[in-house]
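The values are calculated or read from the model by the stated rules, or taken from the named source; none is laboratory data. All of these numbers come straight from a predicted model, not from anything done at the bench. No Cβ is skipped: glycine too gets one built from the backbone with ideal geometry, and neighbour counts run over all protein chains shown. Calculation scope for accessible area: heavy atoms of the full protein, side chains included, ligands and nucleic acids excluded. Shrake-Rupley method; radii C 1.70, N 1.55, O 1.52, S 1.80 Å.
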Amino acid sequence: MLTPYIVTISSEKGGVGKTTLATNLAIYLKALHEDLPVTLFSFDNHFSVDRMFRIGKGTQRRRERAVSRHSPEALVETGEYGVQFIASSEHLHQLRRDIDDPALLARTLAESELGGIVIIDTRPDLDIFTQNALYAADRVIVPVKDAPSLENCRHIYEFFDSHKLSRRPLRVLPCLVDARIHFDGPFRDPYQLLKAYAINRGYRCLEGILPRARKWNR
Ligand SMILES: Nc1ncnc2c1ncn2[C@@H]1O[C@H](COP(=O)(O)OP(=O)(O)O)[C@@H](O)[C@H]1O
Ligand SMILES: [Mg+2]
């Protein structure tokens, strides 16, 4: 058994940078450690991970089987930059109805030979796939870009509490904050303000921030 370290990117808000963070983190880690297996799962409905990473046509493999009892190694394709990924499927909605155990993916990955790091991109809701991704995680990164997305973190924390999971893996990461917003008071920097709000609620933050690229601020 080669149990991987699992990083889940999750937020109930869309457009906060989850997919961008998941894909870039995968490429970055692979660039840092060529020999480290880095595998990307996307439970998003979009096929962006396939489009980004697939070399040529690839084979038709199904990511949802990774959550079922099939071994994930058998479904993994090696893509661009040496990043491994499990291809998307149009049949996720069927499986969503069939799975009710949030611990299934954790067990499957614990028994797998994947090793290295698994990064899981999730949909902007707490469906059964997101629940599985949260349950399995050694680290959860919750991107927040404004007060509503911070407010939504509550449900992720509640999920951990209700399943008696330690909150230790959870980290908030301020992302893509609109730099045109200016605040008076002690926190003029909106990223620091978001961090202060998060800490006030008892959430731990990652050290850095993910800034919004300059050209989007024009
Ligand atoms: N650092 C960034 N600066 C500016 N725009 C970004 C940045 N990261 C992502 N985006 C854009 O923001 C949008 C939402 O990002 P995405 O990663 O798809 O979010 P999510 O997966 O949470 O829905 C996309 O159009 C993406 O290109
Ligand atoms: Mg996304």
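Within the accessible area of the chain, what % is carbon and sulfur when the probe is 1.4 Å and the other protein chains stay in place?
Answer for the chain: carbon and sulfur cover 51 percent of the accessible area.
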Practice task
Report, in whole Å, the centroid distance computed from the Cα atoms of the stretch 2-36 and the stretch 192-207.
Solution key: 21 Å
Exercise for the section: Taking the Cα atoms of the chain, report the difference between the largest and smallest coordinate on each principal axis, in whole Å and largest first. Expected result: 55, 39, 31
Fill in the blank from the handout: By the Cα gyration tensor axes a ≥ b ≥ c (a/c under 1.5 gives rounded; else a/b larger than b/c gives prolate, otherwise oblate), the shape of the stretch 3-58 is oblate
Practice task
For the chain, report the accessible area per residue in Å² (1.4 Å probe, heavy atoms, rounded to an integer).
Solution key: 52 Å²
Practice task
Take every DSSP beta bridge with both residues inside the chain and express the antiparallel ones as a percent of the total, to the nearest 5.
Solution key: 10 percent
Exercise for the section: Could you work out how far the C-alpha centroid of the stretch 150-178 sits from that of the stretch 91-119, in angstrom? Expected result: 20 Å
Fill in the blank from the handout: Note to self, the chain gives a 222 nm [θ] from helices alone (DSSP H runs n ≥ 4, -39500 (n - 2.57) apiece, / all residues, nearest 500) of -10000 deg cm²/dmol
Handout entry: Residue list for the stretch 117-153, given a label point 7 angstrom along the Cα-to-Cβ vector of Arg171 and an amide N cut-off under 13 Å
Key = 138-143
